[in-house]
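Since the structure comes first, as structure tokens, the remarks are kept for the end.
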Amino acid sequence: MYVIDGTPIEQWKQSHPLLDPLMAAQPCCWINEQKRPFLAAQPDLPLKLSDMSDAASRLARFAPFIALRFPETLDNSGLIESPLRPISHFKAALEKQYGRGLPGQLYLKCDNALPISGSIKARGGIYEVLKYAETTALSSGLLKQGECYSQLAAPEVRALFNQHQIVVGSTGNLGLSIGIMGAALGFKVSVHMSADARQWKKTLLRCKGVEVIEYEEDYSKAVAEGRKQALETENCHFVDDENSMDLFLGYSVAAERLKIQLDEQNIQVDAEHPLFVYLPCGVGGGPGGVAFALKQLFGDNVHCFFAEPTHSPCMLLGMYTGLHDQISVQEIGLDNKTCADGLAVGRASGFVGKVMAHLLSGIFTVNDDTLYKLLVLMKDEEGIALEPSALAGAPGPFRLFDEGQSYLNKYQLGDKMDNATHVVWATGGSMVPKEEQDAYYRLGQGLLHG
Ligand SMILES: *Cc1c(COP(=O)(O)O)cnc(C)c1O
């Protein structure tokens, strides 16, 4: 039988009863008993509001370059941002599916529509490449402090970047973001792809001159190999998805942008109007960066939940046992196989798990069939095509009412739920080729209508 951290699993189960459904790949919902009031959690956090505003300023400095190289960002002056939109038809369809009404309003944060790489990785991944470019250009003297960053498109800067390499391990979307932006700046880029990575993502990158190295193993192997290659290469930057503060900060900028969008749409967030946010989680950097920043801005008035596939609940396992990155889902007999390729991660980031330890409200798991069905409902009801990973957060509000009553009671939220705003974070999809999207849709239709 399985042994975790030197203790037989049967003994773990006594103190951690959720291990049973977790090991059986059953959908489950974990409420984080370690969550603290924000002011009590804040002093221990490794990053501050000022780190987030530093990242936001860096993105603003790059905006002229981005607008120049990626005209699709011109409308937004070179900022890479996505809409927040109400999804009332999808809400009605879910109410029918779940056989209950959902108090409050339901919104979709459309990171599937982020320009340049069509997923949440266009936040963290691109930010880290830009930061490396800035550091490299400034230290060479080819870019001066205060100069317009459109200068980075100059041939001599490109030639400089071409002497430098960027390496990353990925299940697909991070590689896409790093590869597209890295190549646009002139860097040499190597992407180490796990077995889950979709063929079209590899093909697209190769077309852009990016080196793609494929593995039969999962994400952890791809990252380990990438790290190894980077160590052996001169002038090389490794984008460390498991530990990178830069990635994390790149994601975090989403929070202040969301706050502006909430204000613009007259959506109130305060003690009487709680905000619930549901974020799909792979290794943890994306949802962690966003949730961390939302807590900084909204404190106890925002409640953040992560969503993971039933076969890849690495963050739930790590945070629940307190072992963080010292345990993988394979060690409890799960196969880490899921149609949610962006979330197919067996071992979570220890850095993110520890940062979220006292901030996160909980984590629920979703099976693949549910993701496919939700994909069809989202397309039919709202006309939005998402990739399976991006739907993991969608059942969140209903799961909260069905399985998270203890949470609503503990924080005395029951009578405030009519005023609640639920934001489902859609993390990717707009770059999925049509044939691939149609195949997802047909699978979901088969499941929905038998
Ligand atoms: C990467 C990814 C996530 C999760 O981000 P992590 O940083 O790996 O937790 C969610 N959805 C999609 C579509 C992704 O590509």
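Does residue 40 satisfy the criteria of being among the small types (Gly, Ala, Ser), touching a residue at least 40 places away in the same chain (Cβ under 8 Å) and either open to solvent by less than 60 Å² (accessible area, probe 1.4 Å) or outside the structural domain of residue 130 (by TED's automatic domain parsing) (or both)?
The answer is yes for residue 40.
Based on what the data block shows, is residue 113 hydrophobic (A, V, I, L, M, F, W, C) and in contact with a Leu (Cβ under 9 Å, 6 or more places away or on another chain)?
So residue 113 does not fit the description; no.
If we keep just the residues of region 126-172 that are more than 31 Å from the chain's Cα centre (by Cα) and crowded, with 17+ Cβ neighbours inside 10 Å, which is farthest from the ligand (Cβ to nearest atom)?
Restricting to residues being more than 31 Å from the chain's Cα centre (by Cα) and crowded, with 17+ Cβ neighbours inside 10 Å, the top hit is 142.
Quick check, is residue 329 away from the ligand (no atom under 16 Å from the Cβ) and either open to solvent by less than 10 Å² (accessible area, probe 1.4 Å) or touching a Phe, Trp or Tyr at 6+ places or on another chain (Cβ under 9 Å) (or both)?
It is false that residue 329 is away from the ligand (no atom under 16 Å from the Cβ) and either open to solvent by less than 10 Å² (accessible area, probe 1.4 Å) or touching a Phe, Trp or Tyr at 6+ places or on another chain (Cβ under 9 Å) (or both).
Here is a list of conditions, (1) assigned to a helix (DSSP H, G or I); (2) open to solvent by less than 50 Å² (accessible area, probe 1.4 Å), and residue 424 meets all of them except one; can you say which number that is?
(1)
Looking at region 1-16, which of its residues are in a helix (DSSP H, G or I), open to solvent by less than 80 Å² (accessible area, probe 1.4 Å) and not charged (D, E, K, R)?
Residues satisfying the conditions are 9, 12, 15.
Could you please find all residues in region 187-211 being part of a helix (DSSP H, G or I), surrounded by 15 or more Cβ atoms within 10 Å (Cβ to Cβ) and of a type in the set (A, V, I, L, M, F, W, C)?
200, 204, 205
Under 16 Å from the mean Cα position of the chain (by Cα), among the aromatic types (Phe, Trp, Tyr), within 14 Å of the ligand (Cβ to nearest atom) and surrounded by fewer than 24 Cβ atoms within 10 Å (Cβ to Cβ), is that true of residue 305?
Here the answer is no, as residue 305 does not meet what is asked.
Let's see how each residue does on (1) in contact with a Leu (Cβ under 7 Å, 6 or more places away or on another chain); (2) modelled with pLDDT under 95; (3) within 16 Å of the ligand (Cβ to nearest atom):
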{"position": "219", "(1), (2), (3)": "no, yes, yes"}
{"position": "222", "(1), (2), (3)": "no, yes, yes"}
{"position": "247", "(1), (2), (3)": "no, no, yes"}
{"position": "250", "(1), (2), (3)": "no, no, yes"}
{"position": "266", "(1), (2), (3)": "no, no, no"}
{"position": "280", "(1), (2), (3)": "yes, no, yes"}
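Residue 179 passes all but one of (1) in a strand (DSSP E or B); (2) within 16 Å of the ligand (Cβ to nearest atom); which number fails?
Every condition holds for residue 179 apart from (1).
Exactly one condition in (1) assigned to a loop (DSSP other than H, G, I, E, B); (2) within 16 Å of the ligand (Cβ to nearest atom); (3) open to solvent by 10 Å² or more (accessible area, probe 1.4 Å) is false for residue 117; which is it?
Failing condition for residue 117: (3).
Which ones in region 343-393 are more than 27 Å from residue 247 (Cα to Cα), more than 14 Å from the ligand (Cβ to nearest atom) and either outside the structural domain of residue 293 (by TED's automatic domain parsing) or outside any loop (DSSP other than H, G, I, E, B) (or both)?
Once the filter is applied, which keeps residues that are more than 27 Å from residue 247 (Cα to Cα), more than 14 Å from the ligand (Cβ to nearest atom) and either outside the structural domain of residue 293 (by TED's automatic domain parsing) or outside any loop (DSSP other than H, G, I, E, B) (or both), region 343-393 yields 368, 369, 370, 372, 373, 376, 377, 379, 380, 381, 382.
If I filter region 212-219 for residues that are outside the structural domain of residue 107 (by TED's automatic domain parsing), surrounded by 24 or more Cβ atoms within 10 Å (Cβ to Cβ) and not aliphatic (A, V, I, L, M), do I get at least one hit?
Yes, the conditions are met somewhere in region 212-219.
Across region 1-16, what is the number of residues that are under 15 Å from residue 322 (Cα atoms) and touching a residue at least 24 places away in the same chain (Cβ under 8 Å)?
Adding up the residues that qualify gives 5.
The values are calculated or read from the model by the stated rules, or taken from the named source; none is laboratory data. On a predicted model such as this, the values are computed, not experimentally measured, just so you know. Virtual Cβ from ideal backbone geometry, glycine too; neighbours counted across all protein chains shown. All accessible areas refer to the heavy atoms of the entire protein, side chains included, with ligands and DNA or RNA removed. Shrake-Rupley method; radii C 1.70, N 1.55, O 1.52, S 1.80 Å.
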